[in-house]
Amino acid sequence: MKVLITTESLNICPAKEEDIPIIMKMENDEENKSFIWQGSFQEHLDEINSDTALLLIFREKKENNIVGYALARMNFKFDVFELRRIAISKKKYGYGKEALLGIMKYSFEKLNTNRFWLDVYPHNKVGIHLYKSIGMHLDGVMRQSYKDERGYLDQMIFSMLKEEYSAK
C-alpha cells in the first residue's frame, strides 16, 4: 500500500482497481448520494490511470479500513487543484475535515499549486460549514449549472489560494 498523504488518523493512498466497488458503494450510500455524482466502474478505472486525475482512498491507521475517498483533477498548466468529490463512510469522527486538510496540504506543499477549489450544492450544509470553517473563500454560485432527477441545481464555488493557505 503506497501512502501519499498521512494525517493523524488516516493514511491517504492512491486508489487501486480493487477499491472501485468500495468507492461506488460510498457514492451510492443514502447519506452521500444527493451530494456527489456517482461514477461508473470504467470512469473510476480511467481516473486511476489518468495523468491529471487523482482518485484517493482514506484508510484508518488503526484498523486499515477504508473510511472515505476523494477525486481530484489537476491542471498543471495553471497550477490549479480541483477537488471533484469527497465522501466519508464512517461519519462523526472528523475524518472529512482531516482528509480535506491533508489533501489541501499535499496540493499546496507537494504539488505547488496556486489554487485549490471545489463546488458544493447549497443543500450540503455540513460541507459548506466545513469549507467555511477552514477558511475557504466563497467565490460565487453557478446558478442551475447541474441537472439530475431533482431538476436544475446550483453549485457554490469555494476556493483557497496558496498565499491564503501559507498565511494560516
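What follows draws every value from the coordinates through simple rules; no lab data is involved. From a predicted model like this one, the values you see are computed outputs, not experimental measurements. Virtual Cβ from ideal backbone geometry, glycine too; neighbours counted across all protein chains shown.
Taking the inverse of the mean reciprocal distance over all distinct Cα pairs, the Kirkwood hydrodynamic radius of the range 14-79 comes to 12.6 Å. When the Cα gyration tensor is reduced to axis lengths a ≥ b ≥ c, the ratio a/c is 1.5 or higher for the range 5-118, and with a/b not above b/c it is classed as oblate.
Phi angles of the range 138-145 translate, via the Karplus equation with coefficients 6.51, -1.76, 1.60 and θ = phi - 60°, into HN-Hα couplings of 7, 6, x, 10, 8, 6, 6, 8 Hz per residue; Gly and Pro are given as x.
Centre-to-centre, using Cα atoms only, the range 22-56 and the range 110-168 are separated by 19 Å.
Placing +1 on the Cβ of every Lys and Arg and -1 on the Cβ of every Asp and Glu, with nothing else charged, gives the range 1-62 a dipole about its Cα centre of roughly 320 debye.
Each of Ile157 and Gln144 was given a label point 7 Å from its Cα along the Cα-to-Cβ line. The distance between the two points is 1.9 nm.
Rounded to the nearest Hz, the phi-derived 3J(HN,Hα) couplings of the range 23-30 under the Karplus curve 6.51 cos²θ - 1.76 cosθ + 1.60 (θ = phi - 60°) are 4, 5, 5, 5, 4, 8, 4, 4, where x marks glycine and proline.
About its Cα centre, the range 28-116 has a charge dipole of approximately 360 debye under the convention of +1 per Lys or Arg Cβ and -1 per Asp or Glu Cβ, with nothing else charged. Legend: calculated FRET efficiency, Glu18 to Gln38, from the Cβ-Cβ distance at R0 = 22 Å, rounded to 0.05, equals 0.70.
Residues in the range 72-83 carry Karplus couplings, in order, of 10, 10, 10, 10, 5, 5, 10, 6, 10, 10, 10, 7 Hz; the curve used is 6.51 cos²θ - 1.76 cosθ + 1.60 with θ = phi - 60°, and Gly or Pro positions show x. Taking amide H as placed 1.01 Å from N in the peptide plane, Tyr146 has its amide H under 5 Å from the amide H of Leu153, each at least 5 places away in sequence or on another chain.
In a fully extended conformation the segment linking His129 and Glu63 would gain 20.9 nm over its present Cα-Cα distance, using 0.36 nm per residue.
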